[in-house]
Ligand code: FES
Ligand code: FES
């Protein structure tokens, strides 16, 4: 067992995990973050995509089935459950997916939305071809991608018009370390300001 | 009649709120106290006798609570059901959920481990010991039928499951096809292969069974909770009222979750044995190797025609791969196509023969379109071949044969009565949207210039039968269930409405569309309607979602239930308004005295009066709730014209879909947004069959395309922008005028794309390419065409 501490959707979780545990199973089975799903076992489908801070603290899209939980130690993770702002204001990408009917069964949707947020963070004004290339690692069996492309295009426009980046708020440093092992549940209600929010 | 006019509006979906925020209830999310996790050991052999199997070593592994094999449960596990035994003498082998003595395809379940965690169960699988004695593997359909062939089921003495024939001469729906062939000026003979496909829904299948409490509760990622409840009860001998089935949010199906699976029964047996809740969620590898596949048939076709392009008849022989057993509706899938090989054309003679064959592969069964894409592919490819033979434009040859708008209702050579349609209108619209004439000019220029990238234009003018189905027709085809659908409308005291539907959506947006219908019919706000589905405790009656049937059949049941609510409310409104019920009309969501457009009472007013029941007229039952069950009198027949332009690189064989136009006529659209989404998804699955996907077994029966690396679903980057439009021929007999739309795109798209690829290379001597038209296959086709050209030139 390895001791890890990950801040997920603004709440810090300290857990003992088996070194082989994949981040996606840690999120789902230990932390109850079942909004993030598993669609394959070869890192092809992208259903499990979340944002994770890199060593510089920048949130980037990762396939959480291709990351070990121990590799996420000390990192910030944002899942689909933490993407909406306070009072459940939808992120512009979520809103555009709804407006454009960019989902049917919705199984690919959490990963697709997170991948789209990642894409728009890197490229706020992508062409349709760049959107299609950018989402190549995320499979959808229902929509034929047409409305997903439209939704991402709309979200990009809305973000630009609002002068915002697609990225949720910059990761905050971990709260003070607590030595006592916990049950994997959040130790404290995190104040509003550290809940990842879109930059106004 | 109504003022809200929800029906026809592009309402954003209610379902989305939970799906875009990660608050969805997938089966795999369910965790129950004391729940055990199952892992399933699968056969690595395509055909073998199990000479020894020992689960005991797994029991010593950490966290393992139980382990058992097929032998341990042989007397209690039952046999998986087939509900469509298409002939009286069909060969129908037993299909134990866990193999007992013999395995007949790679991936067949042989043993199960129950443990405290998923990881512990998976770890312990390696400890189960199995000795296999290999048996001969049967894979090739034609060899399987040959004299002295090795057998998938030795005790059956044959690999032939059934022969099924429809003949228009014998049925009295047309003439003799042999006469048509004998008298034809042109006969086109072709053999096409419908490659094996995998439905590949994105949510892997998952099952939870809880044996505690009064009922067995089964949560399953299924399209068919009602059928599953009935069949679990029959197969396991559990009284039906003791079984509850829930299909929570289900992540796609496409026919792939229209099945009673080994895993569902294994979980049921394990939960019953262990007295604890159990869960099994398949990995993608498990899913690809063991969930049923689709298509996989050889089509031998003969089309008879006159030189003026008039088609005289069509003869079809199918050799259809059943896989190793018969799944829920395996034998019937090719027959769903039997009535559609004539497409939109009115030729007078038709014969269809189908032979079902066992092989050592996983079963085939429903996959989006189920029989109808194969039929449409055949006739639409043949129409192109006929056009080439006669030097006619492919649109023109279709025009000369299709049913004209004024000829509906039209009874076809296959005996179906097409309800309505306007093929010319849809085709003209599609031609204009694509810019057909311009593309033909560009094509001519590129040919002229010897451009290495050639342009091809493909046409597919399709119809399909959907809205399954009149129960009597299903009965005459020996299908084991009816085709009705049910709806209940409950008006709550505050005037909010609960709809309980027998349909079981898994991406189709029924919660939204059904709310739109109820909003219009009862005059309540869209947001005041809640649609309950997929739980046999609330929705105890239904026939579920497949075959583009839910709106076409279930929509009528819902409409009728709403009418009953209005009828029930009428005397109550009359009492509230102190008038004679006969003087009331229900308009714009209000009961009003005829001629007095002010005032009036709403359904909500009546529901409160019913709740208190202080002052109801004598003899009026204090409820507004109503049920309706509707059995359709006919199928419904959407149609459309899909056109596709592809660019084919003759040096690399690479195909790019440059533009795609789909003009569909699905009758009236309740929600055009959802209709368009269904067309997009359907078209892309059709394109995928044409260009990308194939399930491939090697010579030993190992599935080579066992991951998403090898079974290549298209990504966004592989696909073009789709242009969609609609024409509208309302469905007669449907109060909303709606036809089905779930499968149309898939049925139409495959031949449009392959016709385009072949069209691009026709001048180079290519007349067919085996699907999927991968760069390698296209390149090979070009090479062999140029070889035969050279040989031809020398002779
Ligand atoms: S689950 Fe498919 S890529 Fe992670
Ligand atoms: S919406 Fe079903 S897989 Fe994308």
Check your understanding: Based on the alpha carbon coordinates of the stretch B:196-343, what radius of gyration and maximum Cα-Cα distance (Dmax) apply, in Å?
Key -> 19.9, 72
Check your understanding: Taking R0 as 45 Å, what's the FRET efficiency between residue B:116 and residue B:700 from their Cβ-Cβ distance, rounded to 0.05?
Key -> 0.80
Review point. Share of antiparallel DSSP beta bridges in the protein assembly as shown, in percent to the nearest 5?
Key: 80 percent
Review point. Over what distance in Å are the Cα centres of the stretch B:411-486 and the stretch B:183-216 separated?
Key: 21 Å
**Study point:** Residue mean of other protein chain beta carbons inside 10 Å, B:704-717
**Key:** 5
Review point. Using 7 Å Cα-to-Cβ label points, what is the residue B:438/residue B:170 separation (nm, one decimal)?
Key: 5.2 nm
Practice item. Calculate, for residue B:88 and residue B:214, the FRET efficiency according to 1/(1 + (r/R0)^6) with r their C-beta to C-beta distance and R0 51 Å; round to the nearest 0.05. Key: 0.80
Point to revise | Sorted by Cβ density within 10 Å, fewest first, the residues B:501, B:173, B:750 | key: B:173, B:501, B:750
Exercise for review: Given the peptides B:258-267, B:537-546, B:181-190, arrange them by the average over their residues of other C-beta atoms within 10 Å, most packed first.
Suggested key: B:258-267, B:537-546, B:181-190
Check your understanding: Roughly speaking, what is the centre-to-centre gap between the stretch B:512-568 and the stretch B:729-795 when only Cα atoms are used, to the nearest Å?
Key -> 39 Å
Point to revise | Shielding by partners - mean other protein chain Cβ count within 10 Å, residues of B:677-686 | key: 5
Review point. Using just the C-alpha positions of the stretch B:9-106 as equal point scatterers, what log10 of I(q)/I(0) does the Debye formula give at each q in 0.16, 0.20, 0.21 1/Å?
Key: -0.92, -1.11, -1.16
Review point. How do A:51, B:151 line up, fewest other C-beta atoms within 10 Å first?
Key: B:151, A:51
Review point. Under a plain spin-label model, where a point goes 7 Å from the Cα along Cα-to-Cβ, how far apart in nm are residue A:161 and residue B:627?
Key: 5.0 nm
**Study point:** Additional length obtainable on full extension of the chain from residue B:74 to residue B:598, 0.36 nm per residue less Cα span
**Key:** 181.5 nm
Check your understanding: Under the rule of -39500 (n - 2.57) per DSSP H run of 4 or more residues, summed and divided by the residues of chain B, what mean residue ellipticity at 222 nm is obtained, to the nearest 500 deg cm²/dmol?
Key -> -9000 deg cm²/dmol
Point to revise | Per-residue mean of C-beta atoms belonging to partner chains within 10 Å, peptide B:556-568 | key: 0
Practice item. Please arrange B:506, B:95, B:226 by counting, for each residue, the other beta carbons lying within 10 Å of its beta carbon, fewest first. Key: B:95, B:226, B:506
Review point. Hey, can you rank B:73-79, A:25-31 by average C-beta count inside 10 Å, highest first?
Key: A:25-31, B:73-79
Exercise for review: Note down the nm distance, to one decimal, between modelled labels 7 Å out along Cα→Cβ at residue A:133 and at residue B:156.
Suggested key: 5.1 nm
Review point. Shape call for the stretch B:488-540 from the C-alpha gyration tensor, a ≥ b ≥ c root eigenvalues: rounded (a/c under 1.5), prolate (a/b greater than b/c) or oblate?
Key: oblate
Exercise for review: Assuming R0 = 60 Å, can you tell me the calculated FRET efficiency for the pair residue B:101 and residue B:31, based on Cβ-Cβ distance, to the nearest 0.05?
Suggested key: 0.95
Revision key, fill the gap. Of A:72-84, B:520-532, B:313-325, ordering from highest average Cβ density within 10 Å down gives B:313-325, A:72-84, B:520-532
Review point. Of all DSSP beta bridges in the stretch B:420-535, what percent run antiparallel (nearest 5)?
Key: 55 percent
Review point. Shape call for the stretch B:440-502 from the C-alpha gyration tensor, a ≥ b ≥ c root eigenvalues: rounded (a/c under 1.5), prolate (a/b greater than b/c) or oblate?
Key: oblate
Revision key, fill the gap. Cα-based Debye curve of the protein assembly as shown sampled at q = 0.04, 0.06, 0.07 Å⁻¹ gives log₁₀ I(q)/I(0) of -0.20, -0.45, -0.62
Check your understanding: Under the classification rounded if a/c is under 1.5, otherwise prolate if a/b is larger than b/c and oblate if not, where does chain B fall, given a ≥ b ≥ c as square roots of the Cα gyration tensor eigenvalues?
Key -> oblate
Review point. For the stretch A:92-162, how big is the tail of P(r) above 16 Å, as a whole percent of Cα pairs?
Key: 35 percent
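A short reminder: the numbers here are calculations on the coordinates, not readings from a lab. Here the structure is a predicted model, which means the values were calculated and not measured. As a convention, Cβ positions derive from the backbone with ideal geometry for all residues, glycine included, and neighbour counts pool all protein chains shown.
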